[in-house]
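A.B. asks: One structure follows; several queries about it will come next.
The values are calculated or read from the model by the stated rules, or taken from the named source; none is laboratory data. If you're wondering where the values come from, they're calculated on a predicted model, not measured in any experiment. Virtual Cβ from ideal backbone geometry, glycine too; neighbours counted across all protein chains shown. Please note that ligands, DNA and RNA were not included when accessible areas were found on the heavy atoms of the full protein model with its side chains. Shrake-Rupley method; radii C 1.70, N 1.55, O 1.52, S 1.80 Å.
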Amino acid sequence: MPVKSRGRGKGDAVTLADLLAGVIFAALNAYAVLAGADFGGGVWALLARGPRKERQRDLIAHAIGPVWEANHVWLILAIVLLFTGFPAAFARLGMVLHIPLSLVLIGIVLRGSAFTFWRYGGETDAEQRHWGVTFAAASLITPLLLGVTVGAVAADAVSGPRAPGTPFFTGYVAPWLTPFALSGAALFGAALVVLVLSGSGAPRVRAGLILAPWAAPLHLVTAAAAVAALVALWRRRYGAARVAAAAQVSLILWGWGLSQYPYILPPDLTVAGAAAPAATLRLLFGALALGAVALLPSLYYLFRVFKTRTAVAPPTTPPTPPR
């Protein structure tokens, strides 16, 4: 398929800007699946109850401890690529949504620090409980704020530069406090409400997810992944459940991206319109290729060391020494 450096219209070939937007979305996908599991572990630690709660929390800490910091590399990658490849979109997000994004950053840092003190720094039970609650609360609040940010983008609320004299609440608070954005953050049990609110709150996304030719197959495959995850959990096929759950999350995320394409920040900022010059994009892809040579093998080795179950032979009884 021919690749052009700049500009895109109907029927045109894929551009470098399109490819870079796809890479950014793939990085966000990896962050949603890998770091999303870590956030979920924090929520389970918060909800742990009963006589086995301490064992459950120890298991959660053991599961996410070796790799949780490495999972943030995908968010860092997405931010750097957005800043370099689509500076106009990065600037608008940083201005209009600076409150929820700043709170997300604080939540990520606080969560990581609290996890470290919880597992390795608390000398008393009271200190461990304090840091454990902080870790769990940050794990709950941070993804909700990320969901609010995504909802604001989907609702076309991140539009245009703010005119001088715009009231602070109207320009920088109201865009991410829309009913659609808030309901979208509370995913479980709110899917039907979000669908209804999308008619007025996010008509572009609604049209894409309902009327596009790929919409019905996407929903069917997503539903199949959700059912497969539940069935696998019921049958204690945990490996298959992880794959199905990751597929479900990925399909939901890509459905959002496809529904608003070719806009990177609807309703007025397209992928082509926000892209950096072609020379910058080419250099960026070169840097990506070089970075992947170092990053991907390192991540593979990290997960192989800490996430591969190795059968351990039971200890043998030493022979009795002769008398």
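A.B. asks: Compute the distance from the alpha-carbon center of the range 255-283 to that of the range 86-126, in whole Å.
C.D. replies: Using only Cα atoms to place each centre, the spacing works out to 26 Å.
A.B. asks: By its C-alpha gyration tensor, with a ≥ b ≥ c as the square roots of the eigenvalues, how is the range 11-159 shaped: rounded for a/c under 1.5, else prolate for a/b larger than b/c, else oblate? Intermediate values should be presented prior to the final figure.
C.D. replies: Working: a/c = 2.64, a/b = 2.17, b/c = 1.22.
Taking the square roots of the gyration eigenvalues as a ≥ b ≥ c, the range 11-159 is prolate.
A.B. asks: Sort Tyr172, Tyr300, Tyr120 from largest to smallest accessible area, using a 1.4 Å probe on the heavy atoms of the protein chains. Working shown, then result.
C.D. replies: Working: Tyr172 55, Tyr300 145, Tyr120 170 Å².
I get Tyr120, Tyr300, Tyr172, largest accessible area first.
A.B. asks: When a/c reaches 1.5 or more, the comparison of a/b and b/c decides; with that in mind, is the range 48-107 rounded, prolate or oblate per its Cα gyration tensor?
C.D. replies: Working: a/c = 6.13, a/b = 2.33, b/c = 2.63.
Taking the square roots of the gyration eigenvalues as a ≥ b ≥ c, the range 48-107 is oblate.
A.B. asks: Now for a different question. Ranked from highest to lowest mean number of other Cβ atoms within 10 Å per residue, what is the order of the peptides 101-113, 277-289?
C.D. replies: In descending order of packing, they fall as 101-113, 277-289.
A.B. asks: Still on this structure, I have one more. Between Ala287 and Arg55, what is 0.36 nm times their sequence separation minus the Cα-Cα distance? Round to one decimal in nm.
C.D. replies: 79.1 nm
A.B. asks: Quickly rank 147-153, 265-271 as a protection proxy: mean count of other C-beta atoms within 10 Å, highest first.
C.D. replies: Working: 147-153: 22.9, 265-271: 18.6.
Output ranking for 147-153, 265-271: 147-153, 265-271.
A.B. asks: Something else: Using a ≥ b ≥ c from the Cα gyration tensor of the range 245-306 (square roots of the eigenvalues), is it rounded, prolate or oblate, where a/c under 1.5 gives rounded and otherwise the larger of a/b and b/c decides, a/b for prolate?
C.D. replies: Since a/c reaches 1.5 but b/c is at least a/b, the shape of the range 245-306 is classed as oblate.
A.B. asks: Where does each of 26-36, 54-64 land if you order them by average Cβ count within 10 Å, highest first?
C.D. replies: 26-36, 54-64
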